[in-house]
Amino acid sequence: MKVKSILVSQPKPQVDNSPYFEIEKRHKIKIDFRPFIQVVGVDGKEVRQQKIDFQKVTAVIFTSRNAIDHFFRIAEELRIQIPDTMKYFCESEAIAFYLQKYIVYRKRKVYIGEKVFSDMVPLFKKHKDEKFLLPASDVLKADVPALLDSLKLDWQVATLFRTVSSDLSDLEDVKYDILVFFTPSGIKSLFENFPDFVQDNTRIAVFGPTTVKAAKEMGLRIDIEVPTKETPSMTMALDKYVKEVNKSK
């Protein structure tokens with residue numbers, strides 16, 4: 001069947017030159033965006049129950065913008081004085097750049113990884129005597145604590161926010177030819193909102209092995225799987241798929 005509509009389970013891109021918009025124009029199809037999940041903050045009372053000694057923390061590890069937002073939110077809520085000597089370890093340059101929203105960048109010690117969490121290993125080894133805090137969500141990738149433990153660092157996790165399913169009830173009678181997912185939480189949200197969801201002719205596109213696993217566990221047929229050597233990005237995969245399917249029909 002031809003593809004006429006796609007729903008991407010993420011917020012709409014804020015840039016005009018997004019590849020999604022190019023696909024929409026090139027193939028004359030409709031692409032909508034709707035976050036299937038949302039992030040909510042853990043309140044101060046619950047954070048206190050985690051018994052984290054913030055006064056002993058000398059370094060903070062940031063793996064996302066959400067982690068930054070909620071770290072400083074909790075610091076303000078609990079009236080935690082963050083010392084000027086605090087060191088910040090950021091997974092990527094984009095995350096480090098976002099940190100400027102809360103600190104005077106040039107006056108602080110900021111260490112930046114290249115792209116993925118494991119890229120920070122050399123930085124951790126150079127600062128192995130620090131007392132690290134990892135602000136995180138309730139869903140933490142298993143490889144993160146495993147890596148920190150393997151380096152024998154003095155670290156603790158602070159669960160400051162959690163991922164919950166969005167209310168998608170207004171989409172109940174709306175049909176799309178392709179649904180695009182990037183996280184297991186997105187798959188979970190689909191079935192929490194629509195327990196009786198039947199795939200039929202709806203194509204499912206998923207990114208990453210954990211999302212693939214979640215989709216298969218829910219009995220979904222995966223039509224587009226990313227990344228591959230040929231299509232390393234979701235937009236490349238969608239562009240290729242739509243081109244082939246719409247041309248052949």
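A few remarks follow.
- Taking the criterion of being more than 21 Å from Ser169 (Cβ to Cβ) and small (Gly, Ala, Ser), the residues of the range 180-212 that qualify are Ala205, Gly208.
- Whenever a residue of the range 16-32 is surrounded by 15 or more Cβ atoms within 10 Å (Cβ to Cβ), its partners that are acidic (Asp, Glu), lying with C-beta atoms within less than 6 angstrom and at least six residues away or across chains, give the pairs Ile23/Asp239; Ile31/Glu24.
- Under the condition of being assigned to a strand (DSSP E or B) and not β-branched (Val, Ile, Thr), the residues counted in the range 146-173 number 8.
- Residue ID - farthest from Ile52 (Cα to Cα), chosen from residues in the range 142-173 that are in contact (Cβ under 8 Å) with a residue 40 or more places away in the chain and of a type in the set (Val, Ile, Thr): Val164
- In the set Gln14, Gln50, only one residue is out of contact with any Lys or Arg (no Cβ under 8 Å at 6 or more places or on another chain), assigned to a loop (DSSP other than H, G, I, E, B) and more than 26 Å from Tyr88 (Cα to Cα); that residue is Gln14.
- Taken as a whole, the structure places Lys115 among residues that are over 25 Å from Gly44 (Cα atoms), free of Cβ contacts under 8 Å to residues at least 60 places away in the same chain, assigned to a loop (DSSP other than H, G, I, E, B) and of a type outside the set (Asp, Glu).
- The listed residue being in contact (Cβ under 8 Å) with a residue 40 or more places away in the chain, under 19 Å from Ile82 (Cα atoms) and open to solvent by less than 20 Å² (accessible area, probe 1.4 Å), out of Phe54, Phe36, Phe62: Phe62
To keep it simple, each residue is scored yes or no on (1) closer than 25 Å to Pro122 by Cβ; (2) at pLDDT below 95; (3) part of a helix (DSSP H, G or I); (4) hydrophobic (A, V, I, L, M, F, W, C).
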| position | (1), (2), (3), (4) |
| --- | --- |
| Tyr20 | no, no, yes, no |
| Lys25 | no, no, yes, no |
| Pro35 | no, no, no, no |
| Val60 | yes, no, no, yes |
| Ile68 | yes, no, yes, yes |
| Phe71 | yes, no, yes, yes |
| Glu76 | no, no, yes, no |
| Gln81 | no, yes, no, no |
| Ala94 | yes, yes, yes, yes |
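The values are calculated or read from the model by the stated rules, or taken from the named source; none is laboratory data. Just so we're clear, the structure is a prediction, and the values are computed from it rather than from any experiment. Backbone-built Cβ (ideal geometry, glycine too); neighbour counts: all protein chains shown. What goes into the accessible areas is simple: the full protein's heavy atoms, side chains included, and nothing from ligands, DNA or RNA. Shrake-Rupley method; radii C 1.70, N 1.55, O 1.52, S 1.80 Å.
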